[in-house]
Every structure is written in C-alpha cells, then in structure tokens.
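The values are calculated or read from the model by the stated rules, or taken from the named source; none is laboratory data. A quick note: this is a predicted structure, and the numbers were derived from the prediction, not measured. Neighbour counts run over all protein chains shown; Cβ positions are idealised from the backbone, glycine included. With ligands, DNA and RNA removed, areas are computed over all heavy atoms of the protein, side chains included. Shrake-Rupley method; radii C 1.70, N 1.55, O 1.52, S 1.80 Å.
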Amino acid sequence: MERVALNDHLREIRLFRGRVIASIVFFILLILALIARLYWLQVLQHAHFRTLSEDNRVKIFPIPPTRGLIYDRNGTVLAGNLPSYALEITREQVDDLDATLAGLAEIVDVSPADLRRFQRLRWRKRAFEGIPLRLRLSAEEVARLAVNRYRFPGVDITAGLTRHYPQGGPLGHVVGYVGRINERELERIDEANYAGTNHIGKTGVELTYEDVLHGTVGYRRAEVNAVGRLVRELDVTPPDPGRNLYLTIDHRLQHAAEESLAGRAGAVVAIDPNNGEVLAMVSNPGFDPNLFVNGISSKAYSALRDDPDRPLFNRVLRGQYPPGSTVKPFYALAGLETGTVDAKHRVFCPGYYSLPNDEDHKYRDWKKTGHGWTDVNKSVVQSCDVYYYELAVKLGIDRMHDFMDHFGFGRVTGVDISGELGGLMPSREWKRRARGQAWFPGETVITGIGQGFTLVTPLQLSAATAVLANRGVGYRPHVVSAEENPITGEIAIIDPEALPPVPRRKEANWDAALTAMFDVVNSPSGTARRIGIDAPVHIAGKTGTAQVFTVGQEEEYKENEVHEKLRDHALFMSYAPYEDPQIAVAVVVEHGGHGGSAAAPVARAVYDAFFASQGVSDGN
Amino acid sequence: MRALDIPLTGRGSSPGQRRGLLARMHLDGPLLLGLFVLGGLGLAVLYSAGGGHTDLVVRQLLRIGLAVAVMVLLAQVPPRRLYQWSPWLFIAGTGLLVAVLAVGDIGKGAQRWLDLGFVRFQPSEAMKLAVPMMLARHLAQKPLPPSFWRLLGGLLLMVVPVLLIAKQPDLGTSLLIASSGFFVLFLGGLSWRLLGGATVLAVPGAWILWEYGMKDYQRQRVLTFLNPQEDPLGSGYHIIQSTIAIGSGGTYGKGWLNGTQSHLDFLPERSTDFIFAVFGEEFGLIGALVLLLIYMLIVGRGLYIATVAQDSFSRLLAGSISLTFLVYLLVNTGMVSGLLPVVGVPLPLVSYGGTSLVTLMAGFGILMAVHTHRRLLPT
C-alpha cells in the first residue's frame, strides 16, 4: 500500500482535476443559461415587465362627483344631498367579531336583514375594508355609538351623501328619484364615469337631466400593495360636480294644487304661455320619492303598486283622457278661422242632434231640454254639444285634425321629462293606418265634443291652452330653466324654444274664442261661473266632462247610480289674467263628475296661490 | 486511514513560521474577502427588502456573527479530525432525521424541526455537511476511482438521508444533499459510462414516474412550473411576481430601495427565498452579473482549495462543498427567474434566515481548514 501511494496520489490528482474541469464546464453552461434568462427578462422583455409592474402598483380609485341639487323657481331645494351615517366594521381590527356584533346590537337596531347583508359582504371584502353593518343611522344612534366607541375597536361611523327630497310627495313625479343602478342601466351608462356612484336618476328630472346632474367622476391614483391596501397617494383629479338645476316649477303652486285635489286622483298642469315654463305639474296621488333612494321595501312597493289610485302613474305625462268639452274653444276657433261659420251663425239646439241621413240615431246634448238658439259664444259658455255636432260635420274630420295639430293635439309636447305619451287626434288616415277601417261620419260628430277617439294628456291640454291664450304663439313646455355650476356659481339659462306659430287669419276670431272662455267663468250662465267669484284676476277657461262609460241610446246617465270608477272625468282648461295671460292651467279630476264643479275649483286654487305670490289680491 | 498518511511523507513547513494573523487563525484571506463582500451586499438588499427597517438587518447580523464564529471554530479543526468524526456525525444525523419524522414540530406544513427544549434544531442542515463528509471518507478509504461496489455503497449511504428528508417533506434540502453526495462520487471518479447509463435510464424513468408514480397535485405542480400563467393567483403567483420584479429592473435596475414590486408587497418571500428578485429589480442586469461574479470568485477559490488539497478526503469534501454552494445559487436564481420549479432553496449568504447560513459558513470553515492545515509538499 505504501509503495503505490505516491503513484496513486498523482493519478488521483489528475483524475480530480479532470473532474473539476468537467464540473466547471458544466456549471458555466448553466450560468450562461441563467444569464441568458436574465438578459431575456431584463433587456429583451423589459418594457413588458415594466408595464406589468406599473399596473401592479398603481391603482385608480374613483372619486364620485357630488350630484347636482334641484331647486324650484324660487330657490327652494327640491332634491338635496344629506349627510348620512353608516356603521362599518373593519374585520382585521376586530378581535372577536361575534362579541362585537352582539355588543353593537345592544346599542343600535341591527335587523336580521342587516346581519345577512353583513355576512354576505364579509366574504367578498378584504380584511382591511370596512363592511357596512347599518346604513342611515339616526342622530341618536350616532351619538350613542360615539359614546361607546372605545368598546368597539374596528367599528367606524362613516359619512356619505344620500339623496333627499324635502318636498316629498307633491313633487315626486316632477323631480323623480334616484335609485341603485340596475343591470339595464349599466349597459346604457359610461361605466367609467359611474365608478364609485351607486345611484342614478330613475324618473322625472332626475332621469332626464341625469347627465347634467351626475357630473364627471374624478380619480385618485395611488400605490397599492398586493392585497390592495393603499400605500401612498400619487395624484388626484378632482371630480367635476353635477350641475345644480333650477326648475320652472313653483313648489307653492304644486302644494296648492295637491291640496285642492284633496286626495282625488287627477292631474294639474300650469304653464306660463309667454315662455312655456311649467309652473306646476301635479299627478295625484303622488309618492314620497325618498322611499326609493336606498331601495324601497317590497312591502312599501307593493302598497304603491297595488293602490287602485296608482300613485306611481304619472298622469300629467301618461294619463290620456278624452278631452270632452275642453276642446270646444279650439273647434269654435277652427270654425271661425276656416270660415265654416261666423260669429253670428246660430244653431237651434233641441237637446239632441241627428245626422241628416240617419235620423234615428240621436246624439244627445248634455242638457236634455236643449239650449235653444245658440251662437258661438253661447256654445262655449253653456257648452252646447249640438252646436259642435253640427260644426264638426261641417268642418269634417280632416280639417279638425289639421287645425288641432297646430295646438299640439295628438303629438307629444316634447317636455324635458321622459315618458310622455302623445294622446290621439284622430283622422281618416290615422284610422285606416291604425285600425284598417274607414272613417264613419258619426265618429266626426262625437269628435266635435272631444269624445270618441280623441285623447289628451293634461300636459297637452295645458300646453294647447297656453298657445290659445297667447294667440297662437307657443313655446315648448319645459321644467328646467337654468343650470348652475356649483363651483363657479355660473348660471346657464336655458332659452325657451318657440314652436311654429298657429296661422292667424282674423284677430276677431281669436277674440271671439277667448271672450267666450272669459264668459265661461265670468258670466252668470257660464259653466265655471263659481270660480269667477272673488277671483284675484279675470280667469278665462272651459269646463269639460269626459265620458268613461258609454250610455246606451235609450238610457240615461245618472251620476249617482254609476259606480265611482265609471263616473265621468272632470276637466278644466283655463288661463289668467284674461287681459294679459301669465298662466294657463289644465285640470283633470278622474271620475270627478262635472268639470265646472270638480275641476275648475282646483284651477282656482292654483290661480290664488300664483297671484298671491305676485302680490295681486282678491277682487282685482 | 490511507489518505491521511500522505501528508506525513512530505516535509511540511513548521507551524507558526512567518505567518500573518489570518494564517494563525487558519483563515483564508481571499475566501474571507469574498464572503464579506457577499454578506455586506446581502445585508444591503435585506435592508431594502425589509422596507427600509433595520430590524431584519440587525437580526441577520447577529446570525452572521454566529455563523462566522462557527466558521472560525471549524477552521481550527484539522481535516484528519473531520475524517474521524464523519461516521459519528452521519449516524447521529440520520438518527435525528428519524426522530424528526417521529416527533418533530410541524413548521410551514413540513416536519423539519426538532425541539430540544433550549434550541430548535433542523437535523437536515447538519446532514448537508455530514453526507459529503461521510461519502468522502467512504471513497477515500480505497484508491480512486472507486470500484462499482464502493460506489454502490456510497449511493446507499447518500440515499437513506435524502429519502428521509424528502419525506418531511423538504424537497430543496434533499436535492442539495443529493447533489453534494453526487459531487463527491463524481469528483471521486464515478465512471462516465455509469453516469451516461444512469442519464439514459433517467428519461424513461421520469416518464414512468409521471405516469404511475405521481399524484395529481404533484403533476399539477410540475405543470404550473411549466406554465405559471395557468394559475396566476395560486402557485404561479410567486413566479409571475418575481419575473415581473426582475424584468422591470431592466439593465440598470430601479436603484437601491426603489424596487416597487418588493416594497408594495407584491413579491412574496422577498427577504428569504425570493430576495434575488429584489436584487434584480433594484440593481438590474448589471447588478445581477456582479453578484454572480462574486459567487463565481468564491466558488473558484473553493475549487482551487480543493485541487491543491493534499489528501482525497479533503479534496472530495472541499470540491463537494464548493460545487454544492454553486448548486444553491443556481437552484435559487433559476427558481426566482422562472427557469426551475419553486423549491425552497435560499440564495446562499444573502437570504434572510439563520440555519442555512450557519451550515454554509461551517462549510467554508471546513474549506479554510483544508487549506490552512496543509503541509507544504515539495513540488
């Protein structure tokens, strides 16, 4: 052994060195592979990874803009933002969640629904994110929590803004309401602009002016770590708050109309004929928009939905009623302006009318005994039906349609609240198209008194009245008059939009129609004479009673025998002052009976409120 | 005892003659310099990975102090002693591995720790040195290259602890120990024919393992390694985030303390196994190359020490320790840069953590002992 040791030793060293060199070669190859990998990552793919790393660390947090306020024409807030306090729990700061929940339940009301929502959110949110347990804490609850706060680490009271409608029900249909954004709306809106916003306009002005009220979202760019916790704020793009809106509505008129309707279903619209501003727009019964803001309970909702008076139905825009006799001033004017009749033309009214070739079918006058000899003035003042039966036959349905079209009958007014229906002004062409039938002469007869196919919305009726009062010059009805930038205070006035004027042939014809309306209210035989008494200014108008229930040929309509829901609708169209029209009011009282007794007093209440605010006292 | 006879035949220089402080302490200057540079760099990166807090750095400094003490201590031990200790160390270590499997603590889902009451101890760490020592002794008992049966015996000695550790399960450590044992066999003269044969057999073997030997979750782990995008928030997350960190560093890096991936918590395990990603993000390709160069110099010095060692045992042990150090480096950087699957291997001397640091420094102590306890031969 000893002898071979040195030999072996040298051989072993040679072997070892060979193996070391082999190892070095092998590992150099591996190191080159590693360097190649690093070169690929850090040089060739650098831009890609740099982008990924930026995405990793910079998160964009939206700052929702503050929703614009809505004021009435006097600056009274109709829709505001109220601070609301919510109770939030941050899980990672709570040692014993169950004990905390139990302890909180002793201090504030925690419903099972609140707990369910909390437990549901608990698994969706990260440990450092606050989870709401209670929303809309009362002031008392906030105070109690503040006192007991030391007992509950990880429990915070957070402040937010929630939409509030201080005027409540009477303005619900006009202002509308906001509610949580639903799936259909998500498809429609620019999601980026609604990041961080939970609510969106659902109806009324809140819906139509959503874009203006909402504003533009702002952003906070911030560094976050891997679990999304904010580390450092980088920069902030402040949101552009929504514009405040000034409505043309006067909330006092709104309340006056609502009170005057006294619980009856109906609608009231008041328009300034000089610019189309809608001064009041009441659909009764209304609803409290505040119910909808944070999600209406299903119980409250079914109560509203199942109410036979349909409080959610906006009668002003979507209620289509036969106009009844309220169309008579228009047809009177039509007869005069087309030269079909003149102011002296008289018709004998025996209480019924028959077409010359069909003597058997009697078209009744509302007054059984008839009005006797009737000229155009008397036909309006006493609302003689026979006069208009005869006039309609003379005019023919197409001329009636074309004339009424100038006043907007059968067309949407284009008011700046969506959901409006257009009513119906029939014509031969319409019937052929819609019904596939020929026009019958009898249909022309009843169209003359606003029955048959004719339908109007309360808004159309008041808009048409405004055009009539303003002698053919009309403006598109609108409810928003100005937008205000809440930061700069800059106000952008929205100019009224003039409508194509109604062609005027002779002023005397218009005088005749308007004088007749004046006499309706102010002459002893007028159907609305009762509201003329002690009126602050001279009112001109026309009553109407629209049939809901068709009375058979040999039967007689007896109001107190007919079920309330089949009773006639009471209508009234009017304006004031007669000498210088400033306000046109249309009223519909559903199943109210007679226009003169049911609808006209409501208009009078609106006039009283309007002229009281203008400083005009009774007995002008 | 054959190998240790050799120094006795030469005319060694007498100890203590014209020697500096380092030599008197049995320390190797170039190796020490490399280790200090690496350690300092490691602390700087750790400071950054720790979010600019010094507590990690201070604790790591204490560990470095302990590890340096162990290194200095081991440097005093002549290789002859290590040769004598190897069997006992190996037997004790294997016994402890069995004990760990029986009664060990479970940490991070694996049984690795043995609680001796006053200290928690990881027997697998000791085996990182005990296995190459035992194998080196085993081969050095006969002239090299070893016979087939001696090789087989060595293989058996290696396989027992490797399997015990793999069962804990600690794949990273068992891999390192297996490679340290393999290096002893390879440097000792494992015939190329056997090596080639084993490699050829490995291919169908791997296929059989995949088809019949692996459970679904194990296959999933391999698949995730091959395509981390498949599971970006699960097991692929580490790799995606670390490649983003390295890639976003670019050529020159984002600068010290400016790594966003690491500071914003995107990078998991950033002060331990994935610290190379922090390094790559903050110092870029240039920094990574410099780091690799420092490692190369340390390994090169280790291999030099091995080649000039005077007996087979020292040569094999020193060579194995040096190459295993390189394996540490390559497995860790390969894993962090997405070349290798995720196995828990720290970046040697840089990653935060005490146990592996002490073992590594103990290895360098042995290297220094091998070098400084030489007797100069006439050449």
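Evaluate the charge dipole of the stretch A:61-247 about its Cα centre and quote only its size in Debye, nearest 20, assuming +1 on the Cβ of each Lys and Arg and -1 on the Cβ of each Asp and Glu.
Values: 25 positive and 25 negative charges, 29 e Å.
So the magnitude is around 140 debye.
Using a 1.4 angstrom probe on protein heavy atoms only, the contact between B and A buries about 4100 square angstrom of accessible area, both sides summed. Going down the list B:K142/B:K167; A:K59/A:K202; A:K367/A:K394, which pairs span over 24 Å between their C-alpha atoms? Exceeds cut-off: B:K142/B:K167; A:K59/A:K202. Projecting the Cα atoms of B:V345, A:S481, B:S48 onto the charge dipole of the protein assembly as shown (Cβ charges, centred on the Cα centre) puts B:V345 farthest toward the positive pole. Taking every Cα-Cα distance in the stretch A:574-617 and sorting them into 5 Å bins starting at zero, the pair-distance distribution P(r) comes out as 5, 22, 28, 22, 12, 8, 2 percent.
Working from label points 7 Å from Cα in the Cα-to-Cβ sense, the A:L234 to A:D398 distance is 7.1 nm.
Inter-chain Cβ neighbour count for A:21-34, averaged per residue, equals 4 (cutoff 10 Å, partner chain atoms only). Working ranking of peptides A:13-19, B:314-320, B:187-193 by packing, defined as the average number of other Cβ atoms within 10 Å per residue, highest first, is B:314-320, B:187-193, A:13-19.
Taking the square root of 5 times each eigenvalue of the Cα gyration tensor, what semi-axes in Å does the equivalent ellipsoid of the stretch B:25-372 have, largest first?
Working: eigenvalues 198, 132, 79 Å².
Gyration-tensor ellipsoid for the stretch B:25-372: 31, 26, 20 Å.
Thinking of the stretch A:242-391 as a set of Cα atoms, what percent of all their pairs are more than 24 Å apart? For the stretch A:242-391, the fraction of Cα-Cα distances above 24 Å is 56 percent.
With the largest listed first and rounded to whole Å, the semi-axes of the equivalent ellipsoid of the stretch A:159-254 from the Cα gyration tensor are 33, 15, 12.
Using a 10 Å cut-off on Cβ to Cβ distances, tally the other chain neighbours for every residue of B:302-311 and report the average as a whole number.
On the way: counts 0, 6, 1, 0, 3, 5, 1, 2, 2, 2.
Mean partner shielding for this stretch: 2.
The distance separating the Cα centre of the stretch A:246-260 from that of the stretch A:409-457 comes to 30 Å.
Per the Kirkwood treatment, what hydrodynamic radius in Å, one decimal, follows for chain A from the mean inverse distance over all distinct Cα pairs? Value: 29.3 Å, from the Cα pair sum.
What is the magnitude of the charge dipole of the protein assembly as shown about its Cα centre, with +1 placed on the Cβ of each Lys and Arg, -1 on the Cβ of each Asp and Glu, and no other charges, expressed in debye to the nearest 20? Each step should come with its number before you reach the end.
Values: 96 positive and 93 negative charges, 1445 e Å.
Value, rounded to 20: 6940 debye.
With a 1.4 Å probe rolled over the protein heavy atoms of all chains, the accessible area of B:V57, B:V37 falls in the order B:V37, B:V57, largest first. Taking packing as the residue-averaged number of other Cβ atoms within 10 angstrom, the listed peptides B:161-170, B:354-363, A:349-358 run from highest to lowest as B:354-363, B:161-170, A:349-358.
Could you order A:R399, A:R116 by accessible surface area, starting with the largest, using a probe radius of 1.4 Å?
On the way: A:R399 105, A:R116 150 Å².
In descending accessible area the options line up as A:R116, A:R399.
In angstrom, the C-alpha Rg and Dmax of the stretch A:366-505 are 19.0, 68. Heavy-atom accessible surface of B:I286, to the nearest 10 Å², is about 80 Å², with a 1.4 Å probe and all protein chains retained. Shown for the stretch B:263-349 is the translational diffusion coefficient from the Stokes-Einstein equation, using the Kirkwood radius over Cα pairs, a temperature of 10 °C and a viscosity of 1.306 mPa s: 113 µm²/s. Once the gyration tensor of the Cα atoms in the stretch B:118-188 is diagonalised, the equivalent ellipsoid follows with semi-axes of 24, 12, 9 Å, ordered largest first. Relative to the longest principal axis of the Cα atoms of chain A, the long axis of helix A:46-57 lies at roughly 60 degrees. Under 19 Å Cα to Cα from A:K362, which aspartates and glutamates show up? Leave out anything in the same chain fewer than 8 places away. The qualifying aspartates and glutamates are A:D385, A:E390, A:E443, A:E554, A:E555, A:E556. So for the stretch A:61-247, averaging the separation of alpha carbon pairs under 8 Å that are six or more residues apart and normalising by length, what relative contact order in percent results? Relative contact order, the stretch A:61-247: 35 percent.
Of interest is the spacing of the C-alpha centroids, which for the stretch A:61-138 and the stretch A:569-605 amounts to 47 Å. Exposed loop sites here are GluC sites (Glu not before Pro) assigned a DSSP state other than H, G, I, E or B and surrounded by at most 12 other beta carbons within 10 Å; excluding them, the longest clear run of chain A is A:192-489.
If I take all pairs of Cα atoms in the stretch A:11-65, what percentage of them are more than 14 Å from each other? Intermediate values should be presented prior to the final figure.
Working: 1080 of 1485 pairs.
The proportion of pairs with Cα distances above 14 Å equals 73 percent.
For the stretch A:260-317, pairs of C-alpha atoms spaced more than 13 angstrom apart make up 66 percent of the total.
Counting 0.36 nm for each residue step from A:D98 to A:A47 and taking away their Cα separation leaves a gain of 13.5 nm. Net length available on complete extension from A:R220 to A:E185 is 10.1 nm, with 0.36 nm assigned per residue and the Cα-Cα distance removed.
Each principal axis of the Cα cloud of the stretch A:61-247 was evaluated for its coordinate range; sorted largest first, these ranges are 53, 39, 29 Å.
Look at the stretch A:43-54: the mean tally of other chain Cβ atoms within 10 Å of its residues' Cβ atoms is 6.
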